[in-house]
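Right, one structure below, let's go through it.
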Amino acid sequence: MFRLEKIWNWLNRRLQIGGTIQEAAAHPVPRKSASWWYVFGSAALTIFMLQVFTGIMLALIYVPSAAEAWNSLQYLNHVVALGWFLRAVHGWGSNFMVAVVLIHMCQVVLFGAYKFPRELTWLLGVFLLLMTLAMAFTGQVMRFDQDAYWGLGIGASIAGRVPFVGKQVVRMLLGGPIIAGDTLSRFFAFHVFVIPGLLIGFISLHLLLVLKLGINEWPMPGRIVRRSTYLEQYRELTHKTGIPFVPQAIWKDMFFSAAIIGSIMVCAALFGPFGPSGYPDPTIIQTVPKPDFFFQWLYAMLALLPPQIETPLLLVGPVVVIGFLILLPFFSGEGEKSWKRRPIAVVTLSLLAVALGILTHMADYSPWSPVMNGWSGDPVPPEYLNGRSPLERQGSLVFQVKQCRNCHSIGGSGGKRGPALDRVATRMTHDQLVRQVVQGGGNMPAYGKNLSPAEVTALVSFLETLHPENELPARDAAQAVVTRKEQNPAATHGR
Amino acid sequence: MSDPPVTPEERGDRAEVSRRDLFAKIGLLVNGLAVAILATPVVGYLLSPILRGDRGQYKRWISLGELDEFPEGQTRLAKFENPVTGVSDGDTDHIPCWVRRIQGEQFQVFAINCAHLGCPVRWFAQSKLFMCPCHGGVYYQDGSRASGPPPRGLFQYEYRIEGGRLQIKAGQLPTLSTTASLNRRRSECSG
């Protein structure tokens, strides 16, 4: 111990940083801020350090080349001792990092921590969020499997919607006219050098500001932030009744960070690494590309937006959202901090959380995508064929063979793009069914050119049988009257 | 009014400070110049994805195979090598496309990429539709949009028939602001 102290003294006599460190560590924080609600920032920093460390570990083996990347991941997964575990920790660490950063941000909003004088801290935080997401996206590309390849195609297609300079933006994104070796190389440079470098810089500034301005105090309803009085009030909270950060507050951060690292390792050990999925050969088109968890809401939104507003929303939406986040502390820099007196903040956050949650959940079963093997996978349930006429059975064959089932489910299996057809006869009359099949509409292709009249007749006669036994099929009341009139003109006068 | 007399020391000091000042400024200028000179090639290097590409190899016609490989009235998957390759492309140079032979020498060659967001569309011969697995875009056999989110029909490659072989011009990922064939406009002008 004595020797260690001597070494430290020798170093400190030259570095002269002991005092600064001590001052920083023991800086006073408001008593109530030493709370379990204030642990997310430090947890994000801990995960970032974990990511840097595991990232360097992976770089010992990983080959950032479109020709080798996928193989080097297989090698990591199956040959290198514990390579799978480091990949898993890095992958799960990424998910945890996005989650913790988002929670940290929600807490900051709910506690009004972005208000005066911490506007710049918030601003840096917004950039840190964007860079965390950029790391998650570029990290997905590092995996260079089929999902990564087609994910890049999606990115390029979005970039291609930029007016006037779309072509140039696509080229800069891909590093050339198509997705190829140069694409992976540039994403590697961003994932490993550019963005982490920026992250380290911005995190340092973010932390420096936390030290300079002090951690946000626990918001009390009625304690109003004013530019003229706040600093004095805060000084009172820290210097009169405050406690030193080390050791009185830091232990919660340490416990939580340890718990997070532990959770990441448990997830990594239990669920293993992410992919890689299929080999990145574009000619293997039997693939259903899907983004990673934290981009699934976007994937869902892209399917659900009406086509007319898709491009404007894709281009203007991010500008509006990021602009709002940047401007937030400038139009709401004073006033109440407590969530109990800020219903708009609470409602906005809740709505956002619910919306993103629902979109993410929908991406799980993606009802908008045709089930590519729906038509060949499952047979028509036997009870739908019992006692049917030959024509109706022929119709069920047409139904299968023409891939109707890729979009329509029957007996609980098939696509969800169109409505389930188990009770379609109760909703549509014979004529309506024919028209829908032949002309399409309502987001259904027209099959008029692709089905012979005989096939349409058979198909529709099968569809007309699709109703519960105790429920009559839909009929056109007017038509019944007209046909009866034609058959027997005198009979209509009877009613 | 006349200035108070200045001692030589004062004058000398001032002169020295302003001399250093001047050198500091020149130093800044020299460094700025060096950075600017360095920046020019760096910017050129960074912009190389935009600046290079439309020349040379991309003008080449790429063969998709003999005409007999594409029966009339059918749509088949064809594969080709991207005309320009990098050192680390691996198999990303293998590009698929859908070839529809309408009849005789009338063809349509579709890019694999959905016009919505670039996912690979699949052909269903029975219902004569292209379907996209990502967001449910559907196209008719002639590539026109049938349903779903795509804002337009499938992208097409320029093609020609030369010596009994079907050839296309390729080389670019088609998006709403890029074509599947790289120098399409130029060849349209000349042809």
Quiz item: Can you give the average number of partner chain beta-carbon atoms within 10 Å of each beta-carbon in peptide A:182-189, as a whole number?
Solution: 3
Quiz item: Under a 5 Å amide H to amide H cut-off, with H placed in plane at 1.01 Å, what residues pair with B:GLN156 once short-range neighbours are removed?
Solution: B:ALA111, B:ALA180
Quiz item: Other chains near B:167-175: what is the mean number of their Cβ atoms within 10 Å of each residue's Cβ?
Solution: 5
Quiz prompt | Accessible area per residue, Å², segment A:207-359 with all protein chains present, probe 1.4 Å | solution = 56 Å²
Quiz item: Mind checking the angle between helix A:307-331 and chain A's longest principal axis? C-alpha axes, 0 to 90 degrees, to the nearest 10.
Solution: 20 degrees
Quiz item: Rounded if a/c is under 1.5, else prolate if a/b is larger than b/c, else oblate: which is segment A:12-57, with a ≥ b ≥ c the root eigenvalues of its Cα gyration tensor?
Solution: oblate
Quiz item: When only Cα pairs under 8 Å and 6 or more residues apart are kept, what is the percent relative contact order across segment B:47-179?
Solution: 24 percent
Practice problem: Check cross-link reach from A:LYS212 to the aspartates and glutamates: straight Cα distance under 18 Å, and skip same-chain residues fewer than eight apart. | Solution: A:GLU23, A:GLU119, A:GLU232, A:GLU236
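Rg over Rh of segment A:400-455, using C-alpha atoms and the Kirkwood radius, what does it come to?
Working: Rg = 11.1 Å, Rh = 11.8 Å.
Checking Rg against Rh, the ratio lands at 0.94.
How would segment A:1-94 be classified by its alpha-carbon gyration tensor: rounded, prolate or oblate, with rounded meaning a/c under 1.5 and the a/b versus b/c comparison settling the rest?
On the way: a/c = 3.45, a/b = 1.78, b/c = 1.94.
Note, shape of segment A:1-94 comes out oblate.
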Self-check item: Proximal charge balance of A:THR241 [Cβ under 15 Å; K/R count +1, D/E count -1]
Solution: +2
Quiz item: What percent does the relative contact order of chain A come to when contacts are Cα pairs within less than 8 Å and at least six residues apart?
Solution: 18 percent
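Any chance you could list the semi-axes, whole Å, largest first, of the equivalent ellipsoid that the Cα gyration tensor gives for chain A, using √(5λ)?
Working: eigenvalues 689, 183, 83 Å².
Over the Cα atoms of chain A, the ellipsoid semi-axes are 59, 30, 20 Å.
Run lengths n ≥ 4 of DSSP H only: what is the helix-derived mean residue ellipticity at 222 nm for the protein assembly as shown, with -39500 (n - 2.57) per run over all residues, to the nearest 500? Don't skip to the answer; put the middle values down first.
Numbers: 24 runs with 342 residues, N = 686.
Value at 222 nm, helices only, nearest 500: -16000 deg cm²/dmol.
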Practice problem: Determine the share of segment A:41-97's accessible area contributed by carbon and sulfur atoms, expressed in whole percent, with a 1.4 angstrom probe. | Solution: 75 percent
Quiz item: Let a ≥ b ≥ c be the square roots of the eigenvalues of the Cα gyration tensor of segment B:88-152; is it rounded (a/c under 1.5), or, if not, prolate (a/b larger than b/c) or oblate?
Solution: oblate
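Here is the link list: B:LYS79/B:LYS169; A:LYS402/B:LYS79; A:LYS290/A:LYS416; A:LYS416/A:LYS449; A:LYS402/A:LYS449; A:LYS115/A:LYS340. Which ones come out longer than 21 Å on Cα distance?
On the way: B:LYS79/B:LYS169 13 Å; A:LYS402/B:LYS79 26 Å; A:LYS290/A:LYS416 17 Å; A:LYS416/A:LYS449 24 Å; A:LYS402/A:LYS449 12 Å; A:LYS115/A:LYS340 16 Å.
With Cα atoms farther than 21 Å apart: A:LYS402/B:LYS79; A:LYS416/A:LYS449.
The values are calculated or read from the model by the stated rules, or taken from the named source; none is laboratory data. Because the structure is predicted, anything quoted here is derived from the model rather than measured. Heads up, the Cβs are rebuilt from the backbone with ideal geometry, glycines too, and the neighbour counts pull from every protein chain shown. Ligands, DNA and RNA are excluded from the accessible area calculation, which covers all protein heavy atoms including side chains. Shrake-Rupley method; radii C 1.70, N 1.55, O 1.52, S 1.80 Å.
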